[in-house]
1. Convex hull over the alpha-carbon atoms of region 2-123: what's its volume per residue in Å³?
2. What are the residues whose amide H is under 5 Å from the amide H of residue 433, where those residues sit 5 or more places off or on another chain and H is modelled from the backbone?
3. Cross-link list 94/272; 281/316; 448/496; 174/327: which exceed 24 angstrom alpha carbon to alpha carbon?
4. Quote the accessible area belonging to residue 482 in square angstrom, nearest 10, computed with a 1.4 Å probe and with ligands, DNA and RNA left uncounted.
5. Using a basic spin-label model with each label point 7 Å from the Cα along Cα→Cβ, how many nm lie between residue 501 and residue 161?
6. Once fully extended, how much extra length lies between residue 280 and residue 64, figured as 0.36 nm per residue of separation less the alpha-carbon to alpha-carbon distance?
7. Starting at the first residue of region 461-468, write each ³J(HN,Hα) from the Karplus equation 6.51 cos²θ - 1.76 cosθ + 1.60 with θ = phi - 60°, in whole Hz, x for Gly and Pro.
8. Among 282, 493, 196, whose Cα projects farthest towards the positive end of the dipole of the chain, with charges put on the beta-carbon of Lys, Arg (+1) and Asp, Glu (-1)?
Amino acid sequence: RTVLRTLGGATLLSLAGGIGVFVYVTQKDRHPGTQLPYDPAKKTIVILGSGWGATSLLKTLDTSEYNVVIISPKNYFLFTPLLPSVAVGTLSPKAILQPTRYLARHKARAVTVIEAEAKEIDPFNKTVTFEDDTEIKGEVSHTTIPYDYLVHAVGAEVQTFGIPGVQEKACFMKELADAEIMQRRFKDCIESAAFPGQDDTEIDRLLHIVIVGGGPTGIEVSGEIHDFLEDDLKAWYPELAGRIRISLVEALPSVLPMFSKQLIEYTESTFKESKIDILTKTMVKEVKDKSVVLQMPDKSIKEVPCGMVVWAGGNKGRKITQDLMAKYPSVQTNRRGLSVDDHLRLAGADGSIFAIGDCTSTSYAPTAQVASQQGAYLARVFAQMAKKTTLEEKLNQMEGSIPTVTNAEAKDRLSSEIEATKKSIANIKFRPFYYSHQGSLAYIGSDKAIADLPFANGNIASAGVATFLFWRSAYLSTLFSLRNRTLVANDWIITKIFGRDLSRD
Ligand code: FAD
Ligand code: NAI
């Protein structure tokens, strides 16, 4: 009994401690302290974007050394890995958003957050022009500001290859709005199929969902739609659920080319069990109102009726990125994006522009992992640059004061201090960016995930339900704030207990 009482006491104590820490952290988060004001003597960094690269940079950057302005048409950071879960209502949109101002408000020096789209970069006069593209505009909605350093982190947009109908008729899976549109259309397909008097052919068309692109986005969207079907729709639309068909169309010979062979096979067999048809070596040629036109492996053309097309065909550079490339036509020739040197400086520019993430054309895959490591790397580079500038100013001051020092002993002291400062400056080495791959993870539906994890000099491939739990815990811990972690964990529990919401707003 004494042991039980002691254990009970200890449990209560640690619970109370845990709640205390939670309350302290959340309250501290909600009531940030005062910040240093704008300092005209400091250099100004303008960051374009509020995605993975930009947010990681802002999070790591020591703003006491710089004035920072962040410009993005979205005033939040979007946690893209969980976007497909929002598309089927497993998670609510707010759970995977973090307002940029939350992060900015906790920096040492006040950061200016501007909700606007950068329209033009003038690298020769070092200015950025941006515009408020939202519905409500004030008297001023277009302006130009100067920068000392510019960080271009605007990501990429969806690549449609100019295929007819894709832009107008397909859903995408890139922005938050895309996930919301997909959810609405999917539910609309089901309700329209349930409309009285609908004939069998039309029901089958409405309930055929075509996903284009066998990269990780297409795979995850297929898996999430399958879960929605199995976990919820079967119960609420018993007469229709069995007729829902999911087809995944991929132009290449296999899906997920970035994963190891065994994980590709595992995904294919899981999809087979889940009754998701994978059509490889099949290319979408056109998206029509009620069908999709496919070029089959034997090059024949087939028109397949469907209710909805989700397009996950890859990335292409945004206009602002293409315009910046056009300023350096002899150097910026890679169509995949901006060329940078191994310190992430824009090739051809004077060293004041850096580019990170999906807008660049490096040897790395366009992933959140790469963008966030590049952002954190740049923060360290900026810290080193600030340190170097401070030491150089100190050196200049000391060298300037030599003629005024007459005392021999003081002169010796000054000389040795000058030598030490020169040494410190020489010791500041700007190392090139080094990418440390932490592995690739993807959710494939049915509470299963796949993972290629680096181990020793090779890779460990893992798949299944345990990998799914690892996938969940990895992304839960990667979320940038305690608030998001709490919201995501809460939504997972709610979905498990009550299922997903069926209402269509
Ligand atoms: P983004 O994160 O896209 O950020 C770009 C920012 O620039 C945005 O804030 C945007 O609003 C802003 N912007 C756009 N135009 C302008 C403009 N003109 N002026 C100013 N700002 C502008 N990667 C992984 O490593 N793991 C995953 O599990 C994973 N899952 C994914 C799931 C989905 C559905 C998707 C779509 C992608 C996923 N990725 C994943 C890839 C990852 O999201 C990208 O590689 C990552 O977002 C790139 O970061 P970024 O900072 O370059 O661009
Ligand atoms: P992707 O470029 O990886 O895949 C697009 C696929 O669409 C390609 O395989 C391409 O062959 C196919 N395709 C293009 N046009 C087609 C057509 N007309 N018909 C049929 N197929 C066509 O794009 P995705 O999946 O959006 O990923 C983009 C980036 O984001 C990648 O670097 C990826 O690694 C990363 N990402 C990572 C995730 C993860 O790690 N879990 C999840 C989602 C994205």
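The values are calculated or read from the model by the stated rules, or taken from the named source; none is laboratory data. Quantities reported herein were computed from a predicted structural model and do not represent experimental measurements. Quick reminder, even Gly has a Cβ in these numbers, built from the backbone with ideal geometry, and neighbours come from all protein chains shown. Note: areas computed on protein heavy atoms with side chains; ligands, DNA, RNA excluded. Shrake-Rupley method; radii C 1.70, N 1.55, O 1.52, S 1.80 Å.
1. Numbers: hull volume 19.7 nm³, N = 122.
Looking at region 2-123, the number lands at 162 Å³ per residue.
2. 343, 344
3. Values: 94/272 33 Å; 281/316 22 Å; 448/496 15 Å; 174/327 28 Å.
Among 94/272; 281/316; 448/496; 174/327, the Cα-Cα distance tops 24 Å for 94/272; 174/327.
4. 60 Å²
5. So the two model labels end up 3.7 nm from each other.
6. On the way: separation 216, 0.36 × 216 = 77.76 nm, distance 5.29 nm.
So the extension gain works out to 72.5 nm.
7. Here the 3J(HN,Hα) series is 9, 9, 8, x, 6, 4, 5, 5 Hz.
8. It is 493, whose Cα lies furthest towards the positive end.
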